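Undergrad: If you scroll down you'll find the structure; I have some questions about it.
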Number of protein chains: 4
Amino acid sequence: MRILAFSASLRRGSLNGRLIALAVEAARRAGAEVDLADFHEFAMPSYDADVQALGMPPGADAFSKRIEAAQGLIISSPEYNYSMPGHLKNAIDWISRRRPNPLRGRSALLLSASNSPAGGIRGLWQLRIPLEGNGVFVFPDMFWLSSAESAFTPEGAFIDPKRATGLDALVASYLRAGAALAT
Amino acid sequence: MRILAFSASLRRGSLNGRLIALAVEAARRAGAEVDLADFHEFAMPSYDADVQALGMPPGADAFSKRIEAAQGLIISSPEYNYSMPGHLKNAIDWISRRRPNPLRGRSALLLSASNSPAGGIRGLWQLRIPLEGNGVFVFPDMFWLSSAESAFTPEGAFIDPKRATGLDALVASYLRAGAALAT
Amino acid sequence: MRILAFSASLRRGSLNGRLIALAVEAARRAGAEVDLADFHEFAMPSYDADVQALGMPPGADAFSKRIEAAQGLIISSPEYNYSMPGHLKNAIDWISRRRPNPLRGRSALLLSASNSPAGGIRGLWQLRIPLEGNGVFVFPDMFWLSSAESAFTPEGAFIDPKRATGLDALVASYLRAGAALAT
Amino acid sequence: MRILAFSASLRRGSLNGRLIALAVEAARRAGAEVDLADFHEFAMPSYDADVQALGMPPGADAFSKRIEAAQGLIISSPEYNYSMPGHLKNAIDWISRRRPNPLRGRSALLLSASNSPAGGIRGLWQLRIPLEGNGVFVFPDMFWLSSAESAFTPEGAFIDPKRATGLDALVASYLRAGAALAT
């Protein structure tokens, strides 16, 4: 299965960047072909129909094409203000105007890392909405890493082996479902 | 009561721009002092903690100051993908990092215009979340204008007088509650 | 594919009862084996851990077993107060305590009929949450029938043939995805 | 200010029952007149328009009258399946049919106790929706007690004095806002 993976945090060295790296390793071990994108590659202006009339911004075009080349998405997204990051929603707002809609029919697995005890899970519930509204099969189970600052070894692995096992199992379950849906 | 009002649509001539104009008139008739902003004044990059480390972007600063000068907000926001516009959420993400938080303790009234039969109301429910999470008293009742393209006269008034009466009553109720909370 | 279908409205002759009947016909035409339940069969008290300690109520047991005998669910649910009906949530609260959880790994298609212009869609978005939280693959697309009182012929068919075609296509898409996930 | 307070958990000795007891003490210390109800007093069947046609169930009547006698609500609600308890929603479904709507114009403060690290906060966000949709001013800040089983002394006080101070301050803030809105 071909996967596009990215962290929706723009900060260098972000917790979600570390988490997506582990998810990508898990997906590759499970046989997936993974394209790991840096969300900076998809820089785009705020959605504005007047700007759209002049053509899709290159960042939105790039995001659409990377999604179209994949069958599923693995996204690690921070929670901002009890919801998804505005810039991730803005990217969805742009690509949802493309025809055919690049999101429709694809599947997605959502992860979040956070230093809060709730681990970003509230933001993921809000992120499901625009994805599902655009026809994405969002895997029911999600992964949230609470107290994330102290969760990684210096090499970027999970300190707690149960977390590693849990992420591996979740990624493998998602890939099985995503592959079934992709056929 | 001092109100900051804006449409969260960036498109010139947008339906939400027309709706906020009517809400501003209603608020002024009810005795409020209204600052009607153009959201283009608050242009800002995507939230990124690395950028924040270099200082608040001028657009976020401007947005914060206009909010701080007011006691309440009237926002007319389009619904994008069953949720709020990404760029409005991004603006909230930036200003929520300012200390003291400019949103905390203020009140807000939410409106939406849309050509869909649901009139943008689903987006407003999602918009409540980051506002309330930042300590904003969001007025329980909201106003959604469905089939908005055919709702206005060429001069920008509502064709249906019941809508005018309804918006007037809602704005007046909100202002009473907002004034009570502001003291 | 084996489907359990039900309307979550308890009123005799309800709009959701009429809608689920059409969905059941569509599913049978598409080759599914459908068990159409009357939600009155699943009468159960309010969830209370003290009552649970005395044993699962027969209605919760019956609901669990009917779900376990199926691979997927088709639910037509009214919207009450911008969310799902309390008694449907109560039924989910009971069965989610059973081990193994009868919902986990199953799929679901959500429909709603309403006389309001929004057609119950807000309630379905809230209903996704406890289902997905229990591991149900909720099909991304949903069906909402607005102005439902005037949507049916006296024989219970859709007056508008486009609605019939739309429901047929949606049910068939769901069954394809559900069958893929069930294997 | 007159307050109706209750825990939405039906279990004897529940964590939310312990939390509401502390909130009631805080509200009384702040000068409120508090009616602490036991939710068992409001037992009622599942909402069904056919049953409603025969008259409001006594439990729904009792719930409405206790709300009408108050100016605000303090509710401590468990989270069930990432949302509010079904029986609490069912009670809202019933009373929302009464005219005038007993909820409209009142205010509410929401609390939750849970053994999970997220402390029930996801359920409270879902509970805001039917309350706000019925015209309740839900206080923006909410209180969630995580790891609640180990949070109380044998006498039912908070072990951690910061939690006591936090709850006191929140209740007092809510009462100030609620009193302003009630006039």
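The values are calculated or read from the model by the stated rules, or taken from the named source; none is laboratory data. Since we're looking at a predicted model, the values are computed, not measured. Counting neighbours? That spans all protein chains shown, and the Cβs are built from the backbone with ideal geometry, glycine included. Side chains are part of the model used for accessible areas, which takes the heavy atoms of the whole protein and leaves out ligands, DNA and RNA. Shrake-Rupley method; radii C 1.70, N 1.55, O 1.52, S 1.80 Å.
Undergrad: Restricting attention to region D:34-45, which residues are open to solvent by 40 Å² or more (accessible area, probe 1.4 Å) and in a loop (DSSP other than H, G, I, E, B)? Full working, then the answer.
TA: Step one: of region D:34-45, the residues open to solvent by 40 Å² or more (accessible area, probe 1.4 Å) are D:35-36, D:38, D:40-41, D:43, D:45.
Residues satisfying the conditions are D:Ala43, D:Pro45.
Undergrad: So, A:Gln71, is that one modelled with pLDDT of 95 or more and farther than 17 Å from A:Ala37 by Cβ or not?
TA: Details: modelled with pLDDT of 95 or more: yes; farther than 17 Å from A:Ala37 by Cβ: no.
So A:Gln71 fails the test.
Undergrad: Another question, if that's okay. Is it the case that C:Gly123 is buried (at least 18 other Cβ atoms within 10 Å of the Cβ) and touching a helix residue (DSSP H, G or I) at 6+ places or on another chain (Cβ under 7 Å)? Can you show your working first?
TA: Numbers: buried (at least 18 other Cβ atoms within 10 Å of the Cβ): yes; touching a helix residue (DSSP H, G or I) at 6+ places or on another chain (Cβ under 7 Å): no.
Against the criterion (buried (at least 18 other Cβ atoms within 10 Å of the Cβ) and touching a helix residue (DSSP H, G or I) at 6+ places or on another chain (Cβ under 7 Å)), C:Gly123 does not qualify.
Undergrad: Let me ask another. Return yes or no: is D:Gly123 out of contact with any Gly (no Cβ under 6 Å at 6 or more places or on another chain), assigned to a loop (DSSP other than H, G, I, E, B) and under 20 Å from B:Pro130 (Cβ atoms)? Spell out the reasoning first.
TA: Values: out of contact with any Gly (no Cβ under 6 Å at 6 or more places or on another chain): yes; assigned to a loop (DSSP other than H, G, I, E, B): no; under 20 Å from B:Pro130 (Cβ atoms): yes.
So D:Gly123 fails the test.
Undergrad: State yes or no: is B:Leu19 open to solvent by less than 10 Å² (accessible area, probe 1.4 Å), over 28 Å from A:Trp94 (Cβ atoms) and modelled with pLDDT of 95 or more? First the steps, then the outcome.
TA: Working: open to solvent by less than 10 Å² (accessible area, probe 1.4 Å): yes; over 28 Å from A:Trp94 (Cβ atoms): no; modelled with pLDDT of 95 or more: yes.
Here the answer is no, as B:Leu19 does not meet what is asked.
Undergrad: I've got another one for you. Of the conditions (1) open to solvent by less than 40 Å² (accessible area, probe 1.4 Å); (2) in a loop (DSSP other than H, G, I, E, B); (3) within 11 Å of chain D (Cβ to nearest Cβ), C:Arg97 satisfies every one except a single condition; which number is it?
TA: All conditions pass for C:Arg97, except number (1).
Undergrad: Being open to solvent by less than 10 Å² (accessible area, probe 1.4 Å), within 14 Å of chain B (Cβ to nearest Cβ) and either part of a helix (DSSP H, G or I) or within 15 Å of A:Ser9 (Cα to Cα) (or both): is that true of A:Leu110 here? Write out each step before concluding.
TA: Working: open to solvent by less than 10 Å² (accessible area, probe 1.4 Å): yes; within 14 Å of chain B (Cβ to nearest Cβ): no; either part of a helix (DSSP H, G or I) or within 15 Å of A:Ser9 (Cα to Cα) (or both): yes.
In short, no.
Undergrad: Any chance you could count how many residues in region C:1-57 are more than 21 Å from D:Ala60 (Cα to Cα), touching a Leu at 6+ places or on another chain (Cβ under 6 Å) and among the acidic types (Asp, Glu)?
TA: 1
Undergrad: Right, something else. For D:Val51, which of the numbered conditions (1) away from chain C (no Cβ under 13 Å); (2) touching a Pro at 6+ places or on another chain (Cβ under 8 Å); (3) surrounded by fewer than 18 Cβ atoms within 10 Å (Cβ to Cβ) fails to hold?
TA: Evaluating D:Val51 over (1) away from chain C (no Cβ under 13 Å); (2) touching a Pro at 6+ places or on another chain (Cβ under 8 Å); (3) surrounded by fewer than 18 Cβ atoms within 10 Å (Cβ to Cβ) leaves (1) as the failure.
Undergrad: Testing D:Gly105 on (1) farther than 18 Å from D:Ser77 by Cα; (2) within 14 Å of the chain's Cα centre (by Cα), one condition comes back false. Which one is that?
TA: Checking D:Gly105 against (1) farther than 18 Å from D:Ser77 by Cα; (2) within 14 Å of the chain's Cα centre (by Cα), the one that fails is (2).
Undergrad: Further question: Determine whether region D:17-25 contains at least one residue that is assigned to a loop (DSSP other than H, G, I, E, B) and either more than 23 Å from C:Ile129 (Cα to Cα) or not hydroxyl-bearing (Ser, Thr, Tyr) (or both). Reasoning before the result, please.
TA: Pass one, region D:17-25, residues assigned to a loop (DSSP other than H, G, I, E, B): none.
Scanning region D:17-25 turns up no residue that is assigned to a loop (DSSP other than H, G, I, E, B) and either more than 23 Å from C:Ile129 (Cα to Cα) or not hydroxyl-bearing (Ser, Thr, Tyr) (or both).
Undergrad: Shifting gears a bit: Is it the case that region D:121-129 has a residue that's on the phi < 0 side of the Ramachandran plot, modelled with pLDDT under 95, within 14 Å of chain C (Cβ to nearest Cβ) and within 14 Å of the chain's Cα centre (by Cα)? First the steps, then the outcome.
TA: Looking only at region D:121-129, we keep the residues that are on the phi < 0 side of the Ramachandran plot, and these are D:121-129.
Next, only the ones that are modelled with pLDDT under 95 stay: D:121-122.
Checking which are within 14 Å of chain C (Cβ to nearest Cβ) leaves us with D:121-122.
Narrowing the set further to residues that are within 14 Å of the chain's Cα centre (by Cα) leaves D:121.
Yes.
Undergrad: How many residues, within region C:1-16, are over 9 Å from C:Ala113 (Cβ atoms), in contact with a strand residue (DSSP E or B) (Cβ under 7 Å, 6 or more places away or on another chain) and assigned to a loop (DSSP other than H, G, I, E, B)?
TA: First, the residues of region C:1-16 that are over 9 Å from C:Ala113 (Cβ atoms): C:1-6, C:8, C:10-13.
With the extra rule that they be in contact with a strand residue (DSSP E or B) (Cβ under 7 Å, 6 or more places away or on another chain), the set shrinks to C:1-6, C:8.
Checking the rest, the ones that are also assigned to a loop (DSSP other than H, G, I, E, B) come to C:1, C:8.
Looking only at that region, the number is 2.
Undergrad: Here's a follow-up. So, in region C:1-13, exactly how many residues are buried (at least 21 other Cβ atoms within 10 Å of the Cβ) and within 14 Å of chain D (Cβ to nearest Cβ)?
TA: 5
Undergrad: Looking only at region D:54-87, filter to residues that are open to solvent by less than 10 Å² (accessible area, probe 1.4 Å) and assigned to a strand (DSSP E or B); which one of those is nearest to the other protein chains (Cβ to nearest Cβ)?
TA: D:Ser83
Undergrad: Exactly one condition in (1) in contact with a helix residue (DSSP H, G or I) (Cβ under 7 Å, 6 or more places away or on another chain); (2) away from chain D (no Cβ under 13 Å); (3) open to solvent by 10 Å² or more (accessible area, probe 1.4 Å) is false for C:Pro117; which is it?
TA: (1)
Undergrad: Just need a number here: residues in region D:131-183 that are free of Cβ contacts under 8 Å to residues at least 12 places away in the same chain, open to solvent by 20 Å² or more (accessible area, probe 1.4 Å) and at the interface with another protein chain (Cβ under 10 Å from one of its Cβ atoms).
TA: Start the filter on region D:131-183 by keeping residues that are free of Cβ contacts under 8 Å to residues at least 12 places away in the same chain, which leaves D:132-133, D:140, D:150, D:153-155, D:159-162, D:165, D:169, D:176, D:180, D:183.
Still in the list and also open to solvent by 20 Å² or more (accessible area, probe 1.4 Å): D:150, D:153-155, D:159-162, D:165, D:169, D:176, D:180, D:183.
Going one step further and asking which of them are at the interface with another protein chain (Cβ under 10 Å from one of its Cβ atoms), we end up with D:176, D:180, D:183.
Number satisfying all stated conditions: 3.
Undergrad: From B:Gly86, B:Gly13, which residue is without any contact (Cβ under 8 Å) to a residue 40 or more places away in the chain and closer than 29 Å to A:Leu15 by Cβ?
TA: Values: B:Gly13 fails: closer than 29 Å to A:Leu15 by Cβ.
Answer to the check: B:Gly86.
Undergrad: Could I ask something else about it? What about D:Gly31, is it surrounded by fewer than 23 Cβ atoms within 10 Å (Cβ to Cβ), at pLDDT below 95 and over 16 Å from the mean Cα position of the chain (by Cα)? So that I can check it myself, show each step before the final result.
TA: Working: surrounded by fewer than 23 Cβ atoms within 10 Å (Cβ to Cβ): yes; at pLDDT below 95: no; over 16 Å from the mean Cα position of the chain (by Cα): yes.
No; evaluated as a whole, the condition is false for this residue.
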